[in-house]
Amino acid sequence: MEEYRCRSTIDFADAGRLSGHIVLGIGLVERYISQIPDFPEVLRKKLLHLIVINHREYEWQSLKRPEFLEAAILHQLDMLDVMVEMFTSAEGEGREM
């Protein structure tokens, strides 16, 4: 929500243009975690890693590649979601893939 500004059109807010949603997401999760007493440090690191791998590949501006099983699973699910969207869009437009 911090990345975009919604008025008569949708555009990037200053925070979105300057930092991007990965950095903004890390900050948001850090703020919520800081409000939870004794939040486990290992879990904090893993949650933040899941945000960091958001774009999956360095070529797509990801900061890191998945480094643990759950991150790799999330990566594969995200790739599957992209593929499903491609096929669904093509079918809706009457194209074959």
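The single condition among (1) modelled with pLDDT of 90 or more; (2) loosely packed, with under 13 Cβ neighbours inside 10 Å; (3) in contact with a helix residue (DSSP H, G or I) (Cβ under 9 Å, 6 or more places away or on another chain) that PRO37 does not satisfy is (3). If you check GLU70 against the conditions, is it at pLDDT 85 or above, in a helix (DSSP H, G or I), surrounded by 10 or more Cβ atoms within 10 Å (Cβ to Cβ) and among the charged types (D, E, K, R)? Yes. Taking into account only those residues within region 9-34 that are more than 17 Å from the chain's Cα centre (by Cα) and modelled with pLDDT under 75, which is farthest from PHE68 (Cα to Cα)? Among those that are more than 17 Å from the chain's Cα centre (by Cα) and modelled with pLDDT under 75, it is THR9.
The values are calculated or read from the model by the stated rules, or taken from the named source; none is laboratory data. Just so it is clear, the model here is predicted, and its values are computed rather than measured. Counting neighbours? That spans all protein chains shown, and the Cβs are built from the backbone with ideal geometry, glycine included.
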